[in-house]
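First the structure, in the form of structure tokens, and then the observations on it.
The values are calculated or read from the model by the stated rules, or taken from the named source; none is laboratory data. All figures in this text were calculated on a predicted structure; none of them were measured in a lab. Neighbour counts are summed over all protein chains in view; Cβ atoms, including those assigned to glycine, are modelled from backbone coordinates with ideal geometry.
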Amino acid sequence: MRVALFVTCLGDQFFAEACADAVRLLRHVGAEVSFPTDQTCCGQPAFNSGHRREALRMMRHTTQVFADAEYVVLPSGSCAGMVRSMYSGLSDTDEARAAAEDLAARTYELSEFLVSVADCEELGDGLTGHRVAYHHGCHALRELGVSDQPVTLLRSCGAEVIEWSADRECCGFGGTFSAKLPEVSAAMADHKLDTLPDVDVVTSADGGCLLQLSGRAGRRELPVPFRHLASLLWQGVAGAEAPRGSA
């Protein structure tokens, strides 16, 4: 399996170690991993803000950068959803649409790739004894249909995934939504945190959700750490004894 890693903007700026852990996971399951250095933003912030021309320019660039990849894997349900669900409709020519559809067919969120393509449902036992809450990011859940895969992988590492009544509710981040409607955004995050069960760590496949929830938790002085799914799964493989700290 030849995998090109698309690290995303938030991954590059805030979750570099999680991106490195994604590479480690992919290599662990036998993939040959490359990192195209010309990659940039997927275009989602521009698209969500109504700047279609700018989003189209980034879409065209991205389809060119990843044109030769057998698989494209992202440690982000949000950006994977942009490529898979939005690129084709954003296209302005038949050629651009064909390139977008081709890329979409080869693009996967990390946990989705590990389970659905690499056929991996057992990674290790390094999370044995850890009580974990999993947050389902909106894009991964509703655009990509990723729901069971991350939970299956966490449990395969020995984690006890604790039932969370609000695990499928939006965290309130929504990219530009959190900037345009900060009071509503914060209230949505607070509601999720109010329902959070007693756990050792909270994880998600999306960096934006982790920034939102960990930021609000920090404001409220809640002691629970927040970690990207890639890093928690790699801990399961490597057998580390304790989380490395919050996001």
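Overview of values
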{"quantity": "So Ala18, is it within 18 Å of Gly81 (Cα to Cα) and modelled with pLDDT of 95 or more", "calculated": "no"}
{"quantity": "Set Ala159, Ala140: member being touching a residue at least 60 places away in the same chain (Cβ under 8 Å), within 29 Å of Tyr71 (Cα to Cα) and touching an Asp or Glu at 6+ places or on another chain (Cβ under 8 Å)", "calculated": "Ala140"}
{"quantity": "Residue ranges of helices (runs of 4 or more DSSP H) in the range 49-163 with at least 3 members touching a Gly at 6+ places or on another chain (Cβ under 7 Å), buried (at least 16 other Cβ atoms within 10 Å of the Cβ) and in the same structural domain as Val7 (by TED's automatic domain parsing)", "calculated": "52-65"}
{"quantity": "Cross-chain or 6+ apart pairs with Cβ under 8 Å, the range 39-50 first and within 13 Å of Gly81 (Cα to Cα), then of a type in the set (D, E, K, R) and not in a loop (DSSP other than H, G, I, E, B)", "calculated": "Gly43/Glu54; Gly43/Arg57"}
{"quantity": "Filter result (surrounded by fewer than 19 Cβ atoms within 10 Å (Cβ to Cβ) and outside any loop (DSSP other than H, G, I, E, B)) within the range 212-233", "calculated": "Gly215, Gly218, Arg219"}
{"quantity": "Condition check for Pro36: more than 17 Å from the chain's Cα centre (by Cα), closer than 29 Å to Leu153 by Cα and not assigned by TED's automatic domain parsing to the domain that holds Leu229", "calculated": "yes"}
